Every structure is written in C-alpha cells, then in structure tokens.
Amino acid sequence: MKILFVVSEVEDLVKTGGLADVGKALPLALAELGHEVTIVMPYYKQLADKFNAPDCCAKQTLDAGHQSYEFAVKRLTLEDLPVLAVDYPEYFERKGLYSDDYHAYPDNAERFAFFASAALQASKAVGFQPDIIHCNDWHTALTPYFVSIDNSGFFAQAKTIFTIHNGAYQGTHQFSDIAFLQTHYKLHSQLDGDALNFVRMGIRYANKINAVSPNYAQELLSSLGSHHLYDEFQNRRDDVSGILNGCDYSQWDPINDPHIAKNFHHADLSGKKACKAELQKELGLPKKVRVPIIGMVCRLTDQKGFGFILPMLTKLMQHNVQLAIIGTGDPKISLFLRDVADKYPKKMAFFEGFSVRKAHMIEAGSDFFLMPSLFEPCGLNQMYSLAYGTLPIVRAVGGLKDTVIDLAEDPGSATGFVFEQPDSSALLSCIERALLFYHELPKALELTQQRAMHSRFTWEAAAQDYQALYLS
C-alpha cells in the first residue's frame, strides 16, 4: 500500500512531545512491512535552520477566495523514508511549533487548516497517489474533509484514518478568524456558534477513527471519557478502534542504557541496586538500600493526577519511603512539591526541569513508578518502567489499563499496581499495597520485577494492527 502519513512533528526532525515519537516510529515500522510510506509535515524554522532542504517540485498555490497561498514543498529523508515539508514561511518560520515560550500562537487554526489542505497538494505535486491517508491529532484533522471535497480524482481511491493521540486537545477556534476556510460554506452548518472544532471534523469525515490504546478508544465512546464529543463518537462507534502505541526499546533498555550507573537485565538485578544508590546520591536522598523509592517523571498538570497526588503527600511522607519527582508545568503544583520536599528532605526530592539523564536514572533506580493519571491515552513511561523492572503504580485508564496488570487481579501475571477511583484515598491505598509488598515479600517482588521486564510493546506489533485497520 501507498501511505501518506500526515503529522505535525517527527522525532529526529523536530519534536515537542510524544506525537513526534509516533511520527517517526510508525512510518518506519510500516515501511518494514513493505509499504510505501511518505511523511508530510510543516517546514518549520527549526527544520530550515538544520537542513536547508531543497525544493522537490515547482511552487504550489492554494486559493481561498480573496487570498492565494503560494508555498514550496521541501524534501527531507528519515532513515530513507521520503518526507515532504510544506514551506510557507509566514506560518511556519517561527520560534516554536505551536507557541512561543508561554503562549499558543493566536492563528494556529489558520496555520493548520492551511497545512491540512497543503499536505494533500504536496502529495499531488510529487505524484504520490496514496491508498491510505493517515492523519494525526487536531493539527491534521481537517485533511479528511479536504479529501472529501477534492474533485480532481487524485484521491478517489484513498481511505482516510484519523488517529486521536489526545482528545483533550481539539483545535477549537472561532471560524471567522480562520481566513483559509471562509469560502468553505459546507462548514458553516457544523459550527458551535462561531466555533469550529477540528477534532469533530476529523471524526465526521475520516473513514476510520482510532485511538492510541484499546481502552482509550472505549473511553472515547463513553460520556465521561469522550472529552465532550460523546455524540460524535457514538455516531461513528462502528468505525472507532484502538491500537496501542509501541515503545522505542533502542533508547529504553537497561542492558545498554548509557545514562545509568550500571547496566542490568532480568536474570541479574544487582545493577539495579547500583542505579538506586546513584539516584539517591544524585538527588540528595539518604542512601538506604531497603527503603523503597517511588519515581515520577512527567509534566506537572492535572491530567497527570496531581489533583489527588498533592492532598495525600503529607500522609505518604509518614511511611518508610522515598519519593523522587522531576518535571515542569503548573507553577502552583511545582511550588507545592517544592514545599513538601523542603519539609521532608530525607524522604522527597523534587527537580523542577527536564533532564534525559535524570529521567533514565529514575526509571532505572526507582522501585516503583507513579503514574496515577486522570486520563492517559496511551502513556510511555509505564512501558519504560516495566522494561527496567520498576513496577508502575497507575490508575486504570487508557493505555495504563492496557499495559499494567495489577497484583491483586492476577498475582501470577502481575506487573504492577492499579487503582480505579480518581481520588487521594484510593491512590494512597494503592501505594500502601505496593509498599507492603516491597517490605513483606522481597522474593515475590523480584519475580514480579523480572516478569515486568519481559513485557514488550513493539512498533512492529502496532504496525501489523494498523495494516489490518487499513485493509478493513
């Protein structure tokens, strides 16, 4: 199959978050299956500065009534995969991808409405006629709509897939502010007042809708988990599915991780003890071998469960435990964490910022990894943690439910600890179960760590599932 993969960021080219990981890994895995894959993305300033890529065709023009948009199409490569980059400097030659240091660009809707159409024009310009057009998140959610109104015949046989990586971000903007769409009268009847919701359009116009884990797909079909798009998902429920993201084990493997004190594997966990000692030293915590460390690496946001983490922190500090958190985000959350860490310096360390080295050290040196998310479409840190024998403590949502097996549910298959209710008491109770297991059953703990390290969530398996979805 010929697959046009439309995405706003790609790891190794430009990245702000997990979407870029998928933007690299999935196209490469699909190519390994023998498919002909072309990626199309914006030609951001970061790309222009780094690659100075050549044009791959003549200048292209899109007309929007009163305005014409002339743009170039640049050619890049990603491990031999062709990448088409839409070059329209007025929209993409900026410091950031979606925002400056603090604020989202006010014309993001205009920028990505244009890109959603320009991506198709770029494909036409180079003669790449796809069987599948795979769109990702709100930035590309209008592409299926543009396919539906294309009268050139070029995409007549193409199916559109819209993958939702995080349904909380929907690209809702005032329609009157989106100059590129003003002549699209078909959209006027699909507004909420004067607001256009990009994700809603993706759901309505794509041939298939999928989420980045099976459980998150089920949540999107529920009134509670649909991010206020319940009716839209219900109308398309037969076309909604979930495919679990893979994990890049080339970067997250304790056998060859260059960032940790000592490499280790499931048959010999002695290196993990060295990593624990190094983590305690790095974060200024007392070096205590038989005190469990709970690690956490994340953005400091309500999505990550801080609404029920913060109220129970003082109670947690009464236990024989150490807590290590690194991350950035909400200043109120960071201030609270800083205050608790200052009050309990022998039990809690908080590093405000992000460090690849520290993130790897926490995964390798912790005994447990805390990830009690309010919602979590897929999640990657729980996969990293399993690979390092660091047992996840998670809430039963999204991809966390799909990847972590609770000790109480199935002791013979367990890989971590899972709780249901989004409240502080349920979280604390789950942590206390984990701490009791650590102190009372050290041999069972080691067996569970070894079992966790055998868990594998590969992009090869994900690509096979996407191939099946494309053919359905």
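The values are calculated or read from the model by the stated rules, or taken from the named source; none is laboratory data. Model, not experiment: these values are computed from the prediction. Heads up, the Cβs are rebuilt from the backbone with ideal geometry, glycines too, and the neighbour counts pull from every protein chain shown. Surface areas here come from the heavy atoms of the whole protein model, side chains and all, with no ligands, DNA or RNA. Shrake-Rupley method; radii C 1.70, N 1.55, O 1.52, S 1.80 Å.
Any residue at all in region 377-393 that's at pLDDT below 95 and surrounded by fewer than 23 Cβ atoms within 10 Å (Cβ to Cβ)? For region 377-393, residues at pLDDT below 95 and surrounded by fewer than 23 Cβ atoms within 10 Å (Cβ to Cβ): present. Of the residues making up region 412-420, one or more are surrounded by fewer than 16 Cβ atoms within 10 Å (Cβ to Cβ), touching a residue at least 12 places away in the same chain (Cβ under 8 Å), of a type in the set (D, E, K, R) and touching a strand residue (DSSP E or B) at 6+ places or on another chain (Cβ under 8 Å). Scanning region 127-154 for residues that are open to solvent by 10 Å² or more (accessible area, probe 1.4 Å), part of a loop (DSSP other than H, G, I, E, B) and in contact (Cβ under 8 Å) with a residue 24 or more places away in the chain returns 128, 129, 131, 137, 150, 152, 154.
Rundown of residues vs (1) part of a helix (DSSP H, G or I); (2) farther than 28 Å from residue 3 by Cβ, yes/no style:
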residue	(1), (2)
393	no, yes
402	yes, no
422	no, yes
438	yes, yes
444	yes, yes
464	yes, no
467	yes, no
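Filtering region 446-459 to residues that are of a type outside the set (Ser, Thr, Tyr) and part of a helix (DSSP H, G or I) leaves 446, 447, 449, 450, 451, 452, 453, 459. I'm trying to understand the selection: among the residues of region 329-340, which are in contact (Cβ under 8 Å) with a residue 12 or more places away in the chain and either open to solvent by 60 Å² or more (accessible area, probe 1.4 Å) or out of contact with any Lys or Arg (no Cβ under 6 Å at 6 or more places or on another chain) (or both)? Listed by number, the residues that qualify are 330, 333, 334, 336, 337, 338, 340. Has region 425-443 got any residue that is under 22 Å from residue 291 (Cα atoms), modelled with pLDDT of 95 or more, surrounded by 19 or more Cβ atoms within 10 Å (Cβ to Cβ) and touching a Gly at 6+ places or on another chain (Cβ under 6 Å)? Scanning region 425-443 turns up no residue that is under 22 Å from residue 291 (Cα atoms), modelled with pLDDT of 95 or more, surrounded by 19 or more Cβ atoms within 10 Å (Cβ to Cβ) and touching a Gly at 6+ places or on another chain (Cβ under 6 Å).
Residues that are over 30 Å from residue 185 (Cα atoms), in a helix (DSSP H, G or I), open to solvent by less than 60 Å² (accessible area, probe 1.4 Å) and out of contact with any Lys or Arg (no Cβ under 9 Å at 6 or more places or on another chain) do not occur anywhere in region 32-42.
Scoring residue 125 on the criteria (1) in contact with a strand residue (DSSP E or B) (Cβ under 7 Å, 6 or more places away or on another chain); (2) within 19 Å of residue 23 (Cα to Cα) leaves a single failure, condition (2). Is it the case that residue 23 is more than 21 Å from residue 110 (Cβ to Cβ) and under 21 Å from the mean Cα position of the chain (by Cα)? Against the criterion (more than 21 Å from residue 110 (Cβ to Cβ) and under 21 Å from the mean Cα position of the chain (by Cα)), residue 23 qualifies. What do you reckon, is residue 124 open to solvent by 40 Å² or more (accessible area, probe 1.4 Å) and touching a Ser or Thr at 6+ places or on another chain (Cβ under 8 Å)? Judged against the criteria, residue 124 is a match.
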